[in-house]
1. Would you pick out the residues in the range 162-189 that are without any contact (Cβ under 8 Å) to a residue 12 or more places away in the chain and either out of contact with any strand residue (DSSP E or B) (no Cβ under 7 Å at 6 or more places or on another chain) or closer than 30 Å to residue 144 by Cβ (or both)?
2. Where in the range 111-195 are there strands (runs of 3 or more DSSP E), lying fully within it, with 1 or more residues that are crowded, with 19+ Cβ neighbours inside 10 Å?
3. Taking residue 201, is it buried (at least 17 other Cβ atoms within 10 Å of the Cβ), in contact (Cβ under 8 Å) with a residue 60 or more places away in the chain and under 20 Å from the mean Cα position of the chain (by Cα)?
4. If you check 106, 136, 129, which single one turns out to be in contact (Cβ under 8 Å) with a residue 12 or more places away in the chain and in contact with a helix residue (DSSP H, G or I) (Cβ under 8 Å, 6 or more places away or on another chain)?
5. Only one of 174, 193 is within 21 Å of residue 64 (Cβ to Cβ) and modelled with pLDDT under 95. Can you tell me which?
6. In the range 204-216, how many residues are under 16 Å from residue 139 (Cβ atoms) and loosely packed, with under 12 Cβ neighbours inside 10 Å?
7. Restricting to the range 214-230, give me the number of residues that are free of Cβ contacts under 8 Å to residues at least 40 places away in the same chain and assigned to a strand (DSSP E or B).
């Protein structure tokens, strides 16, 4: 089992974003909105791309692309360059398709100013390509992992109304996960990083987590903090703890 990673400082949100095409009813600005369902759509499916100018070369170790509609047969490439030239970019990686979400770790991290996702999806029945949320940046991995008594709970917010005769009418709503991660042993300076992240995300700014870095595909989630992260002193200003980091999956 790998350690937990926090992907919270999203450079894609502060980058200058452009795309190959844009449906005005689903504008490109939606890709920077925290609600990933409020997405961007292209007007075609051939040689479509999204491009991020970070302003200067930045070290990138993770690329995430949430809520896409690419077919498994699509050609998907993550590219990067020190300039806005794409004939032969020094970074040109074919990404592995995954339904709904792309998750790619760059190891070692790569430092470039310009980044691009290029997609060829001929025959996509939607007639457009969809983009809900993107992440470009690094991650924080605590020196000591969360406790083995962590938990998660599947929440079904659906409403059930019963008639006088006992017949039920169900208003079905999207299920989501709630996670509880206790960190009983945090060393300094990790506690300072936890503090920085908590102040940045608050209880209102969604971010990404990967709670098992050895299984990124199945353990990466887009979440929001439920509570503030109370950091308690344990021993001689060298050891700290957080009783529980409680997170709710975004829908």
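The values are calculated or read from the model by the stated rules, or taken from the named source; none is laboratory data. These figures come from a predicted structure and were not determined experimentally. Note: ideal-geometry Cβ built from the backbone for every residue, glycine included; neighbour counts use all protein chains shown.
1. Of everything in the range 162-189, those that are without any contact (Cβ under 8 Å) to a residue 12 or more places away in the chain and either out of contact with any strand residue (DSSP E or B) (no Cβ under 7 Å at 6 or more places or on another chain) or closer than 30 Å to residue 144 by Cβ (or both) turn out to be 163, 164, 165, 166, 167, 189.
2. Passing ranges, in order: 133-137, 176-187.
3. When the stated conditions are applied, residue 201 passes them.
4. From the options 106, 136, 129, the qualifying one is 136.
5. Only one candidate qualifies: 174.
6. Number of matching residues: 1.
7. Within the range 214-230, residues that are free of Cβ contacts under 8 Å to residues at least 40 places away in the same chain and assigned to a strand (DSSP E or B) number 2.
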